[in-house]
Amino acid sequence: MLREIIYNFNTMLEEGLLSRLKEHADYFPKKEQAILMCLHEVQNYYGHIPQFALEEVAKLLGLPLNHVENVVSFYDMFDRGQPAKHRIRVCVSIVCELMNKDKLIKAIKELLGIDFGQTTKDGRFKLIAVQCLGACSEAPFFMVDEDAYKFESKEKLHEILSRYA
Amino acid sequence: MRSYPVMPNIYTETTLDMLLRRAKKPRVHTVEDYLRDGGYQALEKALNMDPQEIIEWVDKSQLRGRGGAGFPTGKKWKFAVQNPAPRYLICNADESEPGTFKDRVLIERDPHLLIEGMIISAYAIGANEAFVYIRGEYPAGYYILRDAIEEAKKKGFLGRNILGSGFDLEIYVARGAGAYICGEESALIESLEGKRGFPRTKPPFPVQYGLFGKPTVVNNVETLCNIPFIIKLGWEDYRYMGPSDYPGPKLFPVSGKVKKPGVYELPMNTTLREVVYKYAGGTINNKKVKAVFSGALDCFSWEELDTPMDYSPFGFGGTGTVIVLTEEDDVVKMCLKVAEFYAHESCGQCTPCRVGTYEQANLLHRIIQGTATEGDWEGFDFVNRFIQPTSICGLGAVAGRLIRQTMKKFPEEWEKYRKLSTESSLSV
């Protein structure tokens, strides 16, 4: 109880984000199980995972900070680098390679001028290479944030990307 | 109904009309759709049965785990109930093998089939808490499952005293965050406990020491979706489907150079040739099939197209993933993709796998560039062999397998690259 009060006074997180993190922590039988969900939530909010948010998550879940850092560094989807509003995940696995993923990567490079791991100058998009996204019949395949798309043409790609302001 | 993230429009076809009965239509099926189609009747029947009897039925049905290893589900449950309660049930929805997308179709389009299967399974093994661990790259599936569980709760299929039977169950959904290794059951359990996904040393197996140290059954999505059919039909009728040793429907995700890639539900006495030519419509531009990769696990050549799609020692096995390569594709270059995949997904816990998979990809890269020396070839051969017996979990054990198989089955392809490296070393 005391911990809760101290916590509420010192928090640096937004009210809305904090209440969602608490929801996740209350959802599972044990609080520490919510760590991945909380980190997803933080990343969606800030566009990456800032250091202070790690400390907040650690406090909220009652875990040592180094445990949270340990977990963040293990999972591929978590990004502590430069923030970006939207993430484009491109599959670079076997089937997409077979079905000519290079066309898709070339189109993204031409449209946004970024390579893997880079962010556009306005911080709108970040390009990330991932192993199989699990929609191989639709190869070459990519995701923008939580939405999944098949690559058809550069024009179609441009149209899709323009939906993400 | 709320709107979900954009989902891929995966083509599906079924000859059995069981697992894909509803999922063949590309939309989310709500609890009303499911009930209209006779849903949750198996649950009612199961709750009137003795849990022991359900386990016996599943054992007699000869259902095998659909996640890749093909371990008999009934046996796994029997091991679990030998250990004291509390027990847990976990649904493994961390489908990340390259070329595999069968579970996604079930989760996104027919979540209630999975939920019904989970309730029956949890009742059978005496678990009051169950978890679904879904991979981070399937956000739509996560939201759909959360909503479906709420729907089921409102109808009284989940929560306290389910349908007046006195049995309580809560299902929790957890998201992964992009680690292939979390599909390995002990790594999944670690991840579900809020830790790094490091596989545990076995034994003890999860049925003895699983989530929070309690006996835990980890089953694949497709396996759990089979359970309502076993209960509804009875194990005898269920076994009429397909070959007698490997009964039941199986989903085959087909991708690569075929005309109709998608998920196919077929009995397991289908041959690989039938899958590629009869169902998937043959290859693009009618090129000759050069090889079929079963995920990143096995490789089959043109001569082996008559392999049955079952779990026998010479069968197709695994998750049923079919990736078709034609004569214009380079097998060795695809091996590089496989090696890169393992190097990327190795969790880094044990040295042979962490260093071995990295070196394997590195050396193969040099081989393809034509800059490999004689020593590199020897090293490649060595690394490729030594990861298998020295690693903790299954990832290391299979990291060199597909590459070794292609060396045996396509020696001429590898010879090309050997010549390339000898030529370049002469010119230096």
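The values are calculated or read from the model by the stated rules, or taken from the named source; none is laboratory data. Keep in mind the model is a prediction, meaning the values are calculated, not measured. When we count neighbours, we look across all protein chains shown, and the Cβ atoms used for this are built from the backbone with ideal geometry, even at glycine. The accessibility values were calculated without ligands, DNA or RNA, using every heavy atom of the protein model including side chains. Shrake-Rupley method; radii C 1.70, N 1.55, O 1.52, S 1.80 Å.
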- Selection within segment B:327-344 - at the interface with chain A (Cβ under 9 Å from one of its Cβ atoms) and open to solvent by less than 10 Å² (accessible area, probe 1.4 Å): B:Val338, B:Phe341
- Query: In segment B:1-19, which residues are within 14 Å of chain A (Cβ to nearest Cβ) and touching a strand residue (DSSP E or B) at 6+ places or on another chain (Cβ under 9 Å)?
  - Reply: B:Pro5, B:Val6, B:Met7, B:Pro8, B:Asn9, B:Ile10, B:Tyr11, B:Thr12, B:Glu13
- Check B:Gln349 against each of (1) in contact (Cβ under 8 Å) with a residue 60 or more places away in the chain; (2) of a type outside the set (Val, Ile, Thr); (3) open to solvent by 60 Å² or more (accessible area, probe 1.4 Å); (4) in a helix (DSSP H, G or I) and name the one condition it does not meet. (4)
- Hits in segment B:15-51 - residues which are assigned to a helix (DSSP H, G or I) and open to solvent by 30 Å² or more (accessible area, probe 1.4 Å): B:Glu32, B:Leu35, B:Arg36, B:Gln41, B:Glu44, B:Lys45, B:Pro51
- Message: Can you pull out every residue in segment B:217-238 that is open to solvent by 10 Å² or more (accessible area, probe 1.4 Å) and closer than 11 Å to B:Gly74 by Cβ?
- Response: B:Trp235
- Query: So is B:Thr307 out of contact with any Leu (no Cβ under 6 Å at 6 or more places or on another chain) and closer than 28 Å to A:Glu138 by Cβ or not?
  - Reply: no
- Which of the residues that make up segment B:302-326 are under 20 Å from B:Asn286 (Cβ atoms) and open to solvent by less than 20 Å² (accessible area, probe 1.4 Å)? B:Leu305, B:Val322, B:Ile323, B:Val324, B:Leu325, B:Thr326
- Please specify each residue of segment B:64-93 satisfying the condition of being open to solvent by less than 10 Å² (accessible area, probe 1.4 Å) and within 14 Å of another protein chain (Cβ to nearest Cβ). B:Leu89, B:Ile90, B:Ala93
- Task: Please specify each residue of segment B:138-190 satisfying the condition of being in contact (Cβ under 8 Å) with a residue 40 or more places away in the chain, hydroxyl-bearing (Ser, Thr, Tyr), within 14 Å of chain A (Cβ to nearest Cβ) and buried (at least 22 other Cβ atoms within 10 Å of the Cβ).
- Result: B:Tyr138, B:Tyr180
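Per-residue answers, yes or no, for (1) over 27 Å from B:Gly74 (Cα atoms); (2) over 21 Å from the mean Cα position of the chain (by Cα); (3) not hydrophobic (A, V, I, L, M, F, W, C):
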| residue | (1), (2), (3) |
| --- | --- |
| B:Met118 | no, no, no |
| B:Ala124 | no, yes, no |
| B:Tyr142 | yes, no, yes |
| B:Asp147 | yes, yes, yes |
| B:Lys155 | yes, yes, yes |
| B:Ala179 | yes, no, no |
| B:Gly183 | no, no, yes |
| B:Lys202 | no, no, yes |
| B:Gln208 | no, yes, yes |
- Note on the structure: Those residues of segment A:128-165 which are among the charged types (D, E, K, R) and in contact with a helix residue (DSSP H, G or I) (Cβ under 7 Å, 6 or more places away or on another chain) amount to A:Glu146, A:Lys150, A:Lys154
- Given (1) open to solvent by 10 Å² or more (accessible area, probe 1.4 Å); (2) modelled with pLDDT of 95 or more, number of the condition B:Leu106 does not satisfy: (1)
- List the number of the failed condition for B:Asp376; all other conditions in (1) over 24 Å from B:Arg196 (Cα atoms); (2) open to solvent by 70 Å² or more (accessible area, probe 1.4 Å) hold. (2)
